[in-house]
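A.B. asks: First, the structure itself, so that you have it in front of you.
Rule-based calculations on the coordinates, nothing more; no lab input. Being a predicted model, the structure only gives us computed values, none of them experimental. Cβ atoms come from the backbone with ideal geometry, glycine included; neighbour counts cover every protein chain shown.
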Amino acid sequence: MSSSALGQCLSFTTQGLVLQPVWDYLILNHHESLRSPLFPVLLSITTYFLLVGVYTVLDLLAPTWPSIRRYQLHPHLAVPPSQVCTTLGVTLYNHLLYIFPAAVAQWLWKPPTPLPAEAPTLWGFFLGVLGCLLVFDLQYYLWHLLHHRVPWLYRTFHAVHHQYHRPFSLVTQHLSGWELFSVGFWATLDPILLRCHCLTTWAFMVFNVYVSTEDHCGYDFPWSTHRLVPFGLWGGAPKHDAHHQRPGTNLAPFFSHWDRLGGTHGEPTISEPTHSEELDHVKD
Ligand SMILES: [Zn+2]
Ligand SMILES: [Zn+2]
């Protein structure tokens, strides 16, 4: 690449040129919807249910489709429809009891989001999303460590999430109200702390939901985030799956550096059916 081309490329990433047409289109066509305090909540909820819908269809097809089953972390174990119903029930209950009132409160009391005329630079956009992920990762790691080390906290607030030893996508939000509030609070607060552009904030929210759901999906696809991020820096589905079987390990939700530094890192093991699981599989 010539020096002038390289210079042009750098100026594209440090100025708003790459994202400006996207941002202009959004402001021109969806100005009122984007300004609404409800927009980030609806964006997160829609992303979650779309992802969970896709993974659940895969789960239900996997027992008869070997081409799907080959990517499962536990191919010998089907996801029982009864567990899909139970986790969906808890998810809907949480949405009605916690997320819906929080959304109404935001709608009533939060002023409309100011939309700047300029898009973020590409560099600022990626740094913002990465920064939010790193801060969120540390916050959840500390929360998670505390809730596994203090038996009362574990029993009262986190044990509900550990009812499933072989997670599937709907387990992502099979959470107590306190855990749901904590993760929702950080996901809202972190972009404000890092002074992110609203486009960066929404991208972080969508990606946060994507990787949280991927952590629980029970699949190891070639495009899974832990395969795309080099040097084992990203834990992903195999390590979070291992956390559900060995709860003292892999406490960070996304990256693996805090677990390595804190001595809680654990490599996932190859899945073998236990005797009771074999019986469950036969029953289902
Ligand atoms: Zn989990
Ligand atoms: Zn845990």
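A.B. asks: Specify which residue in the list 85, 176, 115 is farthest towards the positive end of the charge dipole of segment 66-224, using unit charges on the beta carbon of Lys, Arg (+1) and Asp, Glu (-1), about the Cα centre.
C.D. replies: 85
A.B. asks: Calculate the FRET efficiency for residue 162 and residue 22 from the Cβ-Cβ distance with a Förster distance of 30 Å, rounded to the nearest 0.05. Walk me through the numbers on the way to the answer.
C.D. replies: On the way: r = 40 Å, r/R0 = 1.35.
Computed FRET efficiency for residue 162 and residue 22 comes out at 0.15.
A.B. asks: Moving on to the next point. Over the chain, what is the relative contact order in percent, taking alpha-carbon pairs closer than 8 angstrom and at least six residues apart?
C.D. replies: Numbers: 326 pairs, mean separation 67.5, N = 284.
24 percent.
A.B. asks: Determine the principal axes of the Cα atoms in the chain, then give the extent along each, sorted from largest to smallest and rounded to whole angstroms.
C.D. replies: Principal-axis extents of the chain (Cα, largest first): 62, 53, 40 Å.
A.B. asks: Using 0.36 nm times the number of residues separating residue 233 and residue 123, minus their current alpha carbon distance, what extension gain do you get?
C.D. replies: Details: separation 110, 0.36 × 110 = 39.60 nm, distance 2.08 nm.
Here the answer is 37.5 nm.
A.B. asks: Ranked by Cβ crowding within 10 angstrom, fewest neighbours first, how are 132, 217, 85 ordered? Before the final figure, lay out each step's value.
C.D. replies: On the way: 132 26, 217 30, 85 10.
Least to most surrounded, the residues fall as 85, 132, 217.
A.B. asks: Between residue 130 and residue 102, what FRET efficiency comes out of the Förster formula 1/(1 + (r/R0)^6) with R0 = 25 Å and r the beta carbon distance, rounded to 0.05? Display every interim value, and only then the final one.
C.D. replies: Details: r = 27 Å, r/R0 = 1.06.
Taking R0 as 25 Å, the efficiency between residue 102 and residue 130 is 0.40.
A.B. asks: Could you give each residue of segment 133-147 its phi-based ³J(HN,Hα) in whole Hz, using Karplus coefficients 6.51, -1.76, 1.60 with θ = phi - 60°, and x for Gly or Pro?
C.D. replies: Here the 3J(HN,Hα) series is 5, 5, 5, 4, 4, 5, 4, 6, 4, 5, 4, 5, 4, 4, 6 Hz.
A.B. asks: Could you work out the local net charge near residue 161, counting Lys and Arg as +1, Asp and Glu as -1, over the other residues with Cβ closer than 14 Å to its Cβ?
C.D. replies: Result for the neighbourhood of residue 161: -1.
A.B. asks: Counting Lys +1, Arg +1, Asp -1, Glu -1, what net charge surrounds residue 137 among other residues with beta carbon under 11 Å of its beta carbon? Walk me through the numbers before you get to the answer.
C.D. replies: Values: positive: none; negative: 190, 259.
Result for the neighbourhood of residue 137: -2.
A.B. asks: Tell me, what ³J(HN,Hα) does each residue in segment 39-56 have, in order and in whole Hz, if you take phi through Karplus 6.51 cos²θ - 1.76 cosθ + 1.60 with θ = phi - 60° and put x for Gly and Pro?
C.D. replies: With the stated coefficients, segment 39-56 comes to 4, x, 5, 5, 4, 5, 5, 4, 4, 4, 5, 5, 5, 4, x, 5, 5, 5 Hz.
A.B. asks: Suppose every Lys and Arg Cβ carries +1 and every Asp and Glu Cβ carries -1, with no other charges. What dipole size does the chain come out with about its Cα centre, to the nearest 20 debye? If you can, show how the numbers build up before the last one.
C.D. replies: Numbers: 13 positive and 18 negative charges, 64 e Å.
For the chain, the charge dipole is close to 300 debye.
A.B. asks: Continuing with the same structure: Lys and Arg at +1, Asp and Glu at -1: add these up for the other residues within a Cβ distance under 14 Å of residue 237 and post the number.
C.D. replies: On the way: positive: 166, 227, 239; negative: 59, 214, 215, 220, 241, 267.
It works out to a net charge of -3.
A.B. asks: Which of the listed residues, 189, 222, 127, is farthest toward the dipole's positive end in the chain, when Lys, Arg count +1 and Asp, Glu count -1 at the beta-carbon?
C.D. replies: 189
A.B. asks: Same structure, new question: Using only Cα atoms, find the angle between the long axis of helix 177-193 and the longest principal axis of the chain, and express it within 0 to 90 degrees, rounded to the nearest 10.
C.D. replies: It works out to around 20 degrees.
A.B. asks: Between segment 165-228 and segment 68-123, what is the C-alpha centre distance in whole Å?
C.D. replies: 8 Å
A.B. asks: May I ask you to evaluate 6.51 cos²θ - 1.76 cosθ + 1.60, the Karplus curve with θ = phi - 60°, for each residue of segment 70-85 and list the ³J(HN,Hα) values in order in whole Hz, giving x for glycine and proline?
C.D. replies: Computed from phi, the couplings for segment 70-85 are 5, 9, 6, 6, 10, x, 7, 10, 6, 7, x, x, 4, 6, 4, 5 Hz.
A.B. asks: Further question: For segment 28-160, just say rounded, prolate or oblate: build the C-alpha gyration tensor, square-root its eigenvalues into a ≥ b ≥ c, call rounded for a/c under 1.5, and beyond that prolate if a/b exceeds b/c, oblate if not.
C.D. replies: Details: a/c = 1.67, a/b = 1.43, b/c = 1.16.
Since a/c reaches 1.5 and a/b is larger than b/c, the shape of segment 28-160 is classed as prolate.
A.B. asks: Suppose each label sits 7 Å from its Cα in the direction of the beta carbon; what would the residue 155-residue 46 distance come out to in nanometres?
C.D. replies: 4.4 nm
A.B. asks: Applying 1/(1 + (r/R0)^6) with R0 = 25 Å to the Cβ-Cβ distance of residue 221 and residue 260, what FRET efficiency is obtained, to the nearest 0.05? Write out the running numbers ahead of the final one.
C.D. replies: Values: r = 24 Å, r/R0 = 0.97.
Between residue 221 and residue 260 the formula returns 0.55.
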